[in-house]
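Have a look at the structure below, then the notes.
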Amino acid sequence: MRSILGVIPLLKGEVLLDSLPVQTLSHRQRAQAIAWVPQAHDGIFAFSVLDMVLMGLAPTIGAFSVPGKQERLKATEQLEKLGILHLAARRWNTLSGGERQLALIARALVQQPRLLLLDEPASSLDFGHQIQLLDTLAQLKNNGMTMLMSTHHPLHANAIADSIIQVEPDGRVTQGLPTEQLTTNKLAALYRVSADQIHHHLSAISH
C-alpha cells in the first residue's frame, strides 16, 4: 500500500491506475485519485472531527482555501453515513480509537477517490461499528469504487472482497476468490490452528 502511495519505492514491477503508472502522477494527482485510511492515527490535535474530515477535500479545493457550505455539507453527509454525525463538534484528542478510525474513514470518503486504501479499518471498532463499516464499504464497492483493504479477519474479507491475496506462512503469496481462499483447511494452515478450531469459531453463534 505504501508503494501505491509513493511512500516507499517498488522493488519490482509497476502499479497502474487507469492504465497510468502511479509513479508518473504528481503529488496532487495522486492525492485526488487515492485515499488512504491508516490503521491508527494518534495525536494531540485540537481540530474538531468536522475539520478533520474537511481536510480530505484539500486536494480538490486547495490546501489554503477555506471550505464553503457545499464542502461542509459533503463532510457532514459522510459523518452521517458512518453514524458519527454526533461527533462533528468533538475535538480529535477527546475521541476513542474507534471513533478516530471512523472519522478517518469519513475523511477518506469525502475525497470521492477512485482507489480507497484501508489498513485494517475495523481493528479498533466495536462489533456494531464493524458491521456498519463493512456494510458501507460493500455499498461503495457495489457503486463502483475500487478498494484495497488489509485485514487479519477472514470474515471481514469475506464480507466485501471479490478477490483475496493471502500471504502464506512459508512466504508464498496466493490470490483467488473468497470461496477459494477462505476454506477451513487454508485458514487452519494460515493461522496455525486445527481445521476443527476454525470451523468451531466460524460457526459457534447459533441462528
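The values are calculated or read from the model by the stated rules, or taken from the named source; none is laboratory data. Fair warning: this is a prediction, and the values are worked out from it, not measured in the lab. Cβ coordinates were reconstructed from backbone atoms using ideal geometry, including for glycine residues, and neighbour counts include every protein chain displayed.
Being modelled with pLDDT under 90 and assigned to a helix (DSSP H, G or I) is the filter here, so list the residues in region 95-104 that pass it.
Hits for region 95-104 are 97, 98, 99, 100, 101, 102.
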Checklist outcome for this item: Subset of region 132-175, residues surrounded by 15 or more Cβ atoms within 10 Å (Cβ to Cβ), part of a helix (DSSP H, G or I) and touching a residue at least 24 places away in the same chain (Cβ under 8 Å), comes to 132, 133, 134, 136, 140, 154, 156, 157, 158, 159, 160
Checklist entry - Among the numbered criteria (1) of a type outside the set (Gly, Ala, Ser); (2) modelled with pLDDT under 80; (3) farther than 17 Å from residue 110 by Cβ; (4) surrounded by 16 or more Cβ atoms within 10 Å (Cβ to Cβ), which single criterion is violated by residue 41? => result (3)
Checklist entry - If residue 2 passes every condition in (1) crowded, with 16+ Cβ neighbours inside 10 Å; (2) among the basic types (Lys, Arg); (3) modelled with pLDDT under 85 but one, which one does it miss? => result (1)
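Have a look at 133, 155 and point out the one that is modelled with pLDDT under 85 and more than 23 Å from residue 16 (Cα to Cα).
133
From the residues in region 122-131 that are in contact (Cβ under 8 Å) with a residue 24 or more places away in the chain and in a helix (DSSP H, G or I), which one is nearest to residue 83 (Cα to Cα)? Walk me through it before giving the result.
Initial filter on region 122-131 (in contact (Cβ under 8 Å) with a residue 24 or more places away in the chain): 122-126, 129-130.
Now drop any that are not in a helix (DSSP H, G or I), which leaves 129-130.
Values: 129: 8, 130: 12 Å.
By that ranking, first place goes to 129.
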Checklist outcome for this item: Note on residue 49: of the conditions (1) touching a Phe, Trp or Tyr at 6+ places or on another chain (Cβ under 8 Å); (2) of a type in the set (A, V, I, L, M, F, W, C); (3) farther than 21 Å from residue 133 by Cα; (4) buried (at least 19 other Cβ atoms within 10 Å of the Cβ), unmet is (3)
Item to check | Breaking point among (1) surrounded by fewer than 13 Cβ atoms within 10 Å (Cβ to Cβ); (2) within 24 Å of the chain's Cα centre (by Cα); (3) not small (Gly, Ala, Ser), for residue 178 | outcome: (1)
Checklist entry - If residue 72 satisfies every condition in (1) crowded, with 17+ Cβ neighbours inside 10 Å; (2) touching a Leu at 6+ places or on another chain (Cβ under 9 Å) but one, which is the exception? => result (1)
Checklist entry - Across region 1-48, what is the total count of residues that are touching a residue at least 12 places away in the same chain (Cβ under 8 Å), more than 18 Å from the chain's Cα centre (by Cα) and under 26 Å from residue 102 (Cα atoms)? => result 8
